[in-house]
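The values are calculated or read from the model by the stated rules, or taken from the named source; none is laboratory data. Bear in mind the structure is a predicted one, so any value in this text is a computation, not a measurement. Cβ placement follows ideal geometry from the backbone for every residue including glycine, while neighbour counts extend to all protein chains displayed.
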Amino acid sequence: MIKACGTECLFVMEATGTYNLALAYYLHEHGGHVAVLNPLVIRRFIQMHLGKGKSDRKDAQWLLRYGQQQTVNAWQPDEQVLVECRQLEQVSELLLKQKTMVSNSLEALQQQPLVSAIALQQLQQTLTTLTRQVQVVEAALPTLLEQRFGAEITLLCSIPGLGRKTASLLLLFASGFTRLENYRQLIALAGLSPREYTSGTSIRGKVRITKTGGGLIRSKLFMCSFSAKKSNVACKALYDRLLAKGKNGKVALVAVCNKLLKQAFAIIKSGMPYRADFTSKLALRS
């Protein structure tokens, strides 16, 4: 492909998980210009042009057309440590799900009037093995992150309400904050941007967050928001102000999550630890 098209050619592809990565890495290593697009972007592009039907050939033609008509960002591979940490994170989530499933099965088995000794033994052994595997993975993940982002993790931990584990996961999620230009991109990446649904005077849907991607970091931040609304000056002021305006508690906590992301972005980019007077200038603005 490189020989036929040359290194000056732009190669446009959809992000399809592991399927596109091998090709993207190969093209990048051989000097090709690569653009990896969100499949939703291409889908909307096709709909906008009233495209009909679907096949691999048609999809390739639409990718070609998009690359010719639109400005695309060049794809760059993530650092090796980020790739490894994401793999560990995925394995950890998988093992935890399996551990929960086996634990529930073991509990259900033990509640029965007759219990097979062999079945009981196998489930107990499996649970022990999974517990040990989870411990190994969960120990390896922060170690790798600390080696690469130790200074950044310490900075994030200076924010009242953010713990070391959440700070590590946030750095991993944001790829070390190296590709973000402003805090709004970080909020959108985490799926915490508000989404309004109104039309004229008749349609008045509730304003909700987008929830696009970042499910794990959203859940971690939401748990941190309970502490932040008490110990973080800016977050507490925001939370109290929203409650005074009649907003419900959950909406206010989501706003606190956004505030934490704003503070995290400001602190990483400035390289300065949290200070109430400092963050009031950079992160208090809603």
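Side notes on the structure shown:
- All positions within the stretch 255-286 that are of a type in the set (A, V, I, L, M) and either at pLDDT 90 or above or closer than 19 Å to LEU170 by Cβ (or both): ALA255, VAL256, LEU260, LEU261, ALA264, ALA266, ILE267, ILE268, MET272, LEU282, ALA283
- The stretch 134-164, residues that are hydroxyl-bearing (Ser, Thr, Tyr) and within 27 Å of ALA276 (Cα to Cα): THR154, SER158
- Residues satisfying the stated conditions in the stretch 131-147, i.e. surrounded by fewer than 20 Cβ atoms within 10 Å (Cβ to Cβ) and either in the same structural domain as ASN232 (by TED's automatic domain parsing) or among the aliphatic types (A, V, I, L, M) (or both): VAL134, VAL136, VAL137, ALA139, ALA140, LEU144
- Condition check for ASP59: charged (D, E, K, R), in contact (Cβ under 8 Å) with a residue 12 or more places away in the chain and in contact with a Lys or Arg (Cβ under 9 Å, 6 or more places away or on another chain): no
- Any chance ARG208 is farther than 21 Å from PRO77 by Cβ, among the charged types (D, E, K, R), surrounded by fewer than 18 Cβ atoms within 10 Å (Cβ to Cβ) and at pLDDT below 90: yes
- Checking GLN98, GLN121, GLN133, GLN112 one by one, the residue that is among the polar types (S, T, N, Q) and within 23 Å of the chain's Cα centre (by Cα) is GLN98 and no other.
- From the options GLU29, GLU79, GLU107, GLU8, residue that is charged (D, E, K, R), closer than 30 Å to VAL137 by Cβ and in contact (Cβ under 8 Å) with a residue 24 or more places away in the chain: GLU79
- Residue in the stretch 177-184 that is more than 17 Å from CYS85 (Cα to Cα) and assigned to a helix (DSSP H, G or I) present: yes
- Residue within the stretch 1-21 that is closer than 20 Å to TRP62 by Cα, more than 20 Å from the chain's Cα centre (by Cα) and among the small types (Gly, Ala, Ser) present: no
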